[in-house]
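Inspection log for the structure reproduced underneath, given as structure tokens.
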């Protein structure tokens with residue numbers, strides 16, 4: 001006799017009049033709770049509870065993760081660790097203090113969360129767990145989360161122990177998905193790719209009026225597809241000091257969602273793990289200063305270019321550090337951190353002017369390739385009228401463009417929103433120096449230049 005049949009017999013012994021209606025009641029209960037959240041056995045437990053009948057389960061129920069149902073008790077399961085949160089402290093309305101740690105686990109079928117309460121949140125058996133480690137959970141109980149999905153809870157009588165590798169459950173490496181293949185909404189993912197842009201730490205005030213933070217980055221997949229990543233509540237304290245563009249990276253414990261523009265994005269939280277290839281400590285970098293931007297930022301941001309014509313943003317994170325350089329100076333920086341094309345200067349950095357050192361910043365139009373930032377000097381041949389564009393979400397924005405040329409070829413330059421003003425100040429016949437402009441492939445397959453918020457246009461005549 002199966003567990004379900006055994007429990008059904010116990011219920012019908014106490015309520016024999018339900019003999020002909022019980023299966024219909026089970027189906028109705030599953031519809032009420034929602035498709036995908038209850039097995040027949042789980043629905044039977046909820047019906048029994050509604051009737052005031054207590055059904056005793058077998059002493060031990062061994063399950064895989066897809067068999068979990070809300071209301072199950074004395075559950076035993078084996079799984080592997082995906083990631084683990086730090087301990088959180090919070091208070092109930094009655095003032096009781098609670099501790100909670102969350103572990104995301106997976107098996108060969110699916111994933112779920114494990115909640116460890118109070119003393120169980122600090123078990124010595126879990127402190128050194130790493131992604132991919134195998135664990136066994138005994139005497140857990142299953143409750144519903146806010147989305148109605150089953151969650152494993154570790155109460156006072158439950159146990160969590162580390163066990164030898166479970167070969168039937170995939171490794172972390174084998175469940176990883178390349179960022180190019182992210183085209184569906186799903187949670188608890190392991191995603192791989194390479195860093196394609198600067199990693200930014202942003203600080204903001206959330207909807208509750210609290211100071212919050214997040215890491216923003218972009219990852220490129222095997223086929224060149226680039227996906228935006230936002231890790232809420234995360235900072236850069238655990239990251240290496242040197243992460244160049246192209247660094248192989250793995251994110252453990254993220255989810256995908258559609259952005260307001262319909263593009264797929266990756267979102268994580270404070271206990272998402274970021275694994276990057278081992279990198280050397282930042283080395284000195286010599287840059288020619290192209291521009292110093294003072295408006296709209298907490299401290300001035302400088303733009304610089306190196307001998308290979310790669311453009312860098314120079315951030316000053318220490319208001320007590322006086323940055324004594326000007327446009328066209330060549331400076332040697334010992335930065336505290338290099339993320340992609342952004343270098344960070346603080347009290348631990350050093351700066352030295354290098355006189356009589358020449359760095360050529362300009363790139364000929366014929367040498368421009370998509371996916372990089374450039375400085376270009378050219379003559380304006382044509383300027384289009386400002387066009388009004390409606391985006392996918394109904395937003396009305398302005399776009400302007402102009403055709404420029406040097407002795408190697410010509411190219412269109414486009415500006416959106418506030419960048420239309422930069423094009424609006426130009427006249428046909430002007431010789432201009434465009435600083436920090438992005439090269440992209442246009443809809444016709446040809447390269448074009450897009451002005452960004454750090455771009456500048458300087459007239460030469």
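So how do 16-23, 362-369 stack up, highest first, on mean other-Cβ count within 10 Å?
On the way: 16-23: 11.1, 362-369: 14.9.
Sorting 16-23, 362-369 by mean packing, highest first, produces 362-369, 16-23.
Based on alpha-carbon centroids, what's the gap between region 121-152 and region 239-308 in Å, whole number please?
33 Å
For region 1-156, calculate the relative contact order in percent as a whole number, restricting contacts to Cα pairs under 8 Å that are 6 or more residues apart. Before the final figure, lay out the partial values.
Numbers: 261 pairs, mean separation 33.2, N = 156.
After rounding, I find 21 percent.
Report relative contact order for the chain in percent, whole number only (criteria: Cα-Cα under 8 Å, sequence separation at least 6). Don't skip to the end; give the middle numbers.
Details: 1030 pairs, mean separation 36.2, N = 461.
Relative contact order comes out at 8 percent.
For the pair residue 74 and residue 204, what calculated FRET efficiency results from E = 1/(1 + (r/R0)^6), where r is the Cβ-Cβ distance and R0 = 51 Å, to the nearest 0.05? Show your work: numbers first, answer last.
On the way: r = 45 Å, r/R0 = 0.88.
Efficiency for this residue pair is about 0.70.
Extension gain residue 421-residue 128, at 0.36 nm per residue separation less the Cα-Cα distance, in nm?
Numbers: separation 293, 0.36 × 293 = 105.48 nm, distance 5.54 nm.
So the chain would gain 99.9 nm between residue 421 and residue 128.
For an R0 of 56 angstrom, estimate the FRET efficiency from the Cβ-Cβ distance between residue 387 and residue 167 and round to the nearest 0.05.
0.40
When a footprinting reagent is the concern and you count Cβ atoms within 10 Å, what order do 136, 30 take, fewest first? Don't skip to the answer; put the middle values down first.
Details: 136 14, 30 18.
Going from least to most buried by this count: 136, 30.
Which three semi-axes in whole Å describe the equivalent ellipsoid of region 308-420, each the square root of 5 times a Cα gyration tensor eigenvalue, listed largest first? Before the final figure, lay out each step's value.
Working: eigenvalues 228, 93, 30 Å².
So the three semi-axes of region 308-420 are 34, 22, 12 Å.
Assuming a ≥ b ≥ c are the square roots of the Cα gyration tensor eigenvalues, decide whether region 285-353 counts as rounded (a/c under 1.5), prolate (otherwise, with a/b larger than b/c) or oblate. List each step's numbers first, then the result.
On the way: a/c = 1.37, a/b = 1.20, b/c = 1.14.
Taking the square roots of the gyration eigenvalues as a ≥ b ≥ c, region 285-353 is rounded.
Neighbouring Cβ atoms within 10 Å as the yardstick, rank 406, 50 fewest first.
50, 406
Treat the count of other C-beta atoms within 10 Å as a stand-in for reagent exposure and order 451, 201, 215 from fewest to most.
On the way: 451 25, 201 17, 215 22.
Exposure proxy ranking, most exposed first: 201, 215, 451.
Tell me the relative contact order for region 1-55 as a rounded percent, counting alpha carbon contacts under 8 Å between residues six or more apart.
Working: 29 pairs, mean separation 21.2, N = 55.
Normalised by residue count, the contact order of region 1-55 is 39 percent.
In degrees, nearest 10, range 0 to 90: what is the angle between the Cα axis of helix 3-14 and the longest Cα principal axis of the chain?
Roughly 50 degrees, rounded to the nearest 10.
Quick check on the chain: helices-only [θ] at 222 nm, where DSSP H runs of length 4 and up contribute -39,500 (n - 2.57) each and the sum goes over total residues. Nearest 500, please.
When only DSSP H runs of four or more count, the value is -2500 deg cm²/dmol.
Return the FRET efficiency for the residue pair residue 358, residue 397: r is the Cβ-Cβ distance, R0 is 35 Å, and the value is rounded to the nearest 0.05. Spell out each step's value before the answer.
Numbers: r = 40 Å, r/R0 = 1.15.
Computed FRET efficiency for residue 358 and residue 397: 0.30.
As a test of understanding, state the convex hull volume per residue of the chain from its alpha carbons, in Å³. Each step should come with its number before you reach the end.
Values: hull volume 94.1 nm³, N = 461.
About 204 Å³ per residue, rounded to a whole number.
PRE reach from residue 258 (point 7 Å along Cα→Cβ): which of region 183-205 fall under 14 Å by backbone N?
It comes to 183-186, nothing else.
Between 0 and 90 degrees, rounded to the nearest ten: what's the tilt of helix 40-50 against the longest Cα principal axis of the chain?
Once rounded, the angle reads 70 degrees.
Find how many whole Å separate the alpha carbon centroid of region 157-211 from the alpha carbon centroid of region 354-370.
Between the Cα centre of region 354-370 and that of region 157-211, the gap is 39 Å.
With Kirkwood's inverse mean 1/r over C-alpha pairs for Rh, give me the Rg to Rh ratio of region 365-459, two decimals please.
Numbers: Rg = 12.8 Å, Rh = 13.4 Å.
We get a ratio of 0.95 for region 365-459.
Laboratory data are not the source of any read-out in this text; all were calculated from the coordinates shown. A quick note: this is a predicted structure, and the numbers were derived from the prediction, not measured. Counting neighbours? That spans all protein chains shown, and the Cβs are built from the backbone with ideal geometry, glycine included.
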